[in-house]
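Colleague: First the structure, then my questions, so here it is.
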Amino acid sequence: MLYKPRAKSTELLIYEILNNRMHLSDKARNHYFHLKKGYEGEVMFDLLTEKLRCDCLIINDLLLQINNTTFQNDALILTPETIYLFEIKNFEGDFYFEKDKLFMKKKSEVNNPIIQLKRNESLLRQLLQNIGFNIPIAASVVFINPEFTLYQAPLNIPFIFPTQLKRYLNQLDRNSLNLNQKQKILADKLISLHIEDSPYMQRPPYEYDQLKKGITCKQCSSFCISVHGMSILCAVWIQRVDCRWSNTQC
């Protein structure tokens with residue numbers, strides 16, 4: 001059961017608007033694409049977890065704080081016996097694991113998601129104890145992108161690869177136990193502690209005069225719109241729809 005849906009962060013929404021109305025610097029554009037790709041990967045994961053039939057509570061995108069430390073939980077699944085914590089990565093391409101470090105194939109090091117996972121697991125456990133709950137946590141990193149490959153991955157690391165994800169969720173779905181009021185109380189408490197905006201949110205500098213003015217299409221963000229009576233039409237979106245209907249490419 002989906003208990004807390006996912007929504008785009010305020011930071012991503014700001015970058016989407018600014019990207020459509022001004023020229024972002026290379027640094028800002030890269031950060032925007034990073035946020036966008038991460039959100040797209042999380043939505044891909046949500047489409048899979050929404051199909052779960054076992055008695056569980058799915059809490060997405062939970063930003064919590066314990067001892068003045070803020071931590072982000074991409075997805076939590078509460079079952080009668082365990083909290084499943086998932087760190088979702090939308091990495092694409094060839095990577096390899098070496099000496100507890102993660103590298104792209106070109107030998108450029110990237111942040112090891114295991115470090116973030118362990119941190120979040122520890123902070124979540126502390127928070128649970130602080131609010132009076134003692135429940136086991138099963139934490140995993142999910143690599144959601146089907147174009148991801150990792151070489152030299154140790155067998156004892158809690159990684160879930162794209163080819164394993166369906167089997168993993170099927171196994172989770174075999175849980176026949178029913179939730180009780182305690183799990184629902186916990187879910188409500190966690191959601192009540194959710195922080196809407198991250199204190200680490202970045203905003204690119206801009207001036208009002210830099211921004212392109214006008215109404216944009218809700219579907220494609222294009223400025224190619226025109227008013228016809230009581231309706232506003234987007235030439236770009238209409239063209240895309242026509243292409244789909246005619247099985248041609250624009």
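Colleague: Between Arg125, Arg174, Arg29, find the one with the highest GNM mean-square fluctuation for the chain; connect C-alpha pairs within less than 10 Å.
Modeller: Arg174
Colleague: Given the options Gln126, Gln65, Gln152, state which has the largest fluctuation in a GNM of the chain using a 10 Å cut-off (strictly under) for Cα springs.
Modeller: Gln152
Colleague: Let me ask something else. Return, ordered by residue number, the residues of the range 111-138 whose backbone nitrogen is under 17 Å from a label point located 7 Å along Cα→Cβ of Asp100.
Modeller: Label zone hits: 111-122.
Colleague: Quick one, which of (i) 18.4; (ii) 15.8; (iii) 21.4 is the actual mean projected area of the Cα convex hull in nm² calculated for this model?
Modeller: (i)
Colleague: Follow-up question, since we're still on this one. Any idea which of Cys217, Gln152, Ile185 is furthest toward the positive side of the dipole for the range 139-224, if Lys and Arg beta-carbons carry +1 and Asp and Glu beta-carbons -1?
Modeller: Ile185
Colleague: Between the range 8-75 and the range 163-214, what is the C-alpha centre distance in whole Å?
Modeller: Cα centres, the range 8-75 to the range 163-214: 8 Å.
Colleague: Each label point is 7 Å from the Cα along the Cα-to-Cβ direction; what then is the distance between the points at Asn170 and Tyr151, in nm?
Modeller: 3.0 nm
Colleague: Tell me, what is the percent relative contact order of the chain, built from C-alpha pairs under 8 Å that lie six or more residues apart?
Modeller: 21 percent
Colleague: Using DSSP to define loop residues, name the trypsin sites (Lys or Arg not before Pro) in the range 35-68 whose beta-carbon has at most 14 other beta-carbon atoms within 10 Å.
Modeller: On the way: sites: Lys36, Lys37, Lys51, Arg53; in loops: Lys51, Arg53.
The qualifying sites are Lys51, Arg53.
Colleague: Now a separate question. Report the label-to-label distance for Met22 and Leu63 in nanometres (one decimal), using points 7 Å from each Cα along the Cα→Cβ vector.
Modeller: Label at Met22, label at Leu63, 2.1 nm between them.
Colleague: I've got another one for you. With a Förster radius of 41 Å, plug the Cβ-Cβ distance of Val110 and Ile137 into 1/(1 + (r/R0)^6) and report the FRET value to the nearest 0.05. List each step's numbers first, then the result.
Modeller: On the way: r = 25 Å, r/R0 = 0.60.
Computed FRET efficiency for Val110 and Ile137: 0.95.
Colleague: Which of Lys51/Lys101; Lys51/Lys106; Lys118/Lys218; Lys51/Lys184; Lys101/Lys184; Lys51/Lys118 have a Cα-Cα distance over 29 Å? Don't skip to the answer; put the middle values down first.
Modeller: On the way: Lys51/Lys101 34 Å; Lys51/Lys106 37 Å; Lys118/Lys218 39 Å; Lys51/Lys184 20 Å; Lys101/Lys184 38 Å; Lys51/Lys118 27 Å.
Cα-Cα > 29 Å for Lys51/Lys101; Lys51/Lys106; Lys118/Lys218; Lys101/Lys184; rest within.
Colleague: What number does the range 1-87 give for Rg over Rh if you use C-alpha atoms and the Kirkwood radius?
Modeller: 1.06
Colleague: How far apart, in nm, are the 7 Å Cα→Cβ label points at Gln72 and Asn130?
Modeller: Simple spin-label model gives 2.0 nm for this pair.
Colleague: Here's a follow-up. Which residues make up the longest stretch of the chain clear of GluC sites (Glu not before Pro) that lie in a DSSP loop with no more than 12 other Cβ atoms within 10 Å, not counting the sites?
Modeller: On the way: sites that count: Glu50, Glu81, Glu147, Glu196, Glu207.
Within the chain, the longest run free of exposed GluC sites (Glu not before Pro) spans 82-146.
Colleague: Also, I was wondering about something else. Over the chain, with a Gaussian network built from C-alpha contacts below 10 Å, which listed residue (Leu63, Leu117, Leu155) shows the highest mean-square fluctuation?
Modeller: Highest fluctuation among the options: Leu155.
Colleague: While we're here: Can you list the residues of the range 1-31 with backbone N under 18 Å from a point 7 Å past the Cα of Tyr206, pointing along Cα to Cβ?
Modeller: 8-31
Colleague: While we're on this one: Please sort by residue number the chymotrypsin sites (Phe, Trp or Tyr not before Pro) in the range 169-215 whose DSSP state is loop and whose Cβ has at most 11 other Cβ atoms within 10 Å.
Modeller: Passing both the DSSP loop test and the Cβ count: Tyr200.
Colleague: Taking the DSSP beta bridges in the chain as the whole, what percent of them are antiparallel, to the nearest 5?
Modeller: On the way: 23 of 38 bridges.
Taking every DSSP beta bridge within the chain, about 60 percent pair in antiparallel fashion.
Coordinate-derived values only; no laboratory data. Here the structure is a predicted model, which means the values were calculated and not measured. A quick note on method: Cβ atoms are made from the backbone with ideal geometry, for glycine too, and the neighbour counts reach across all protein chains shown.
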